[in-house]
Amino acid sequence: MHTVIVIGIGLVLLGVCLALARFMDKSLAIAALVFIPIWLLGAAINLWMGVARAGYSLGEEIPFFLIVFAVPAVIAALIWWKLS
């Protein structure tokens, strides 16, 4: 359930990036690209918290990190591709 929540947070963050770009009259495609490194940092923080605070091993957390990062990042990449 935690994984779904974190993916949802990533999608909300993507929406915020796109809304800010629209509000500032900037390119939505660029906003989608800017989101990806921001989300990489967010997913890495989630990985670190799983290892350091929740007590999971790095090997246990890596697959979840990849899923948590990939789902919103792929959606952002598709938005970039469609809009550029």
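The values are calculated or read from the model by the stated rules, or taken from the named source; none is laboratory data. All figures in this text were calculated on a predicted structure; none of them were measured in a lab. Every residue, glycine as well, gets a Cβ built from its backbone with ideal geometry; the counts of neighbours run over all protein chains shown.
The figures follow:
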{"quantity": "Checklist (1) crowded, with 17+ Cβ neighbours inside 10 Å; (2) farther than 22 Å from residue 4 by Cβ applied to residue 39, failing item", "calculated": "(2)"}
{"quantity": "Segment 1-59, residues that are among the small types (Gly, Ala, Ser), modelled with pLDDT of 95 or more and not in a helix (DSSP H, G or I)", "calculated": "27, 57"}
{"quantity": "The lone exception for residue 48 - which of (1) in contact with a Leu (Cβ under 6 Å, 6 or more places away or on another chain); (2) under 23 Å from residue 2 (Cα atoms) it fails", "calculated": "(1)"}
{"quantity": "Contacts under 8 angstrom Cβ, first residue in segment 44-56 being at positive phi, partner part of a loop (DSSP other than H, G, I, E, B) and surrounded by 10 or more Cβ atoms within 10 Å (Cβ to Cβ), 6 or more apart", "calculated": "none"}
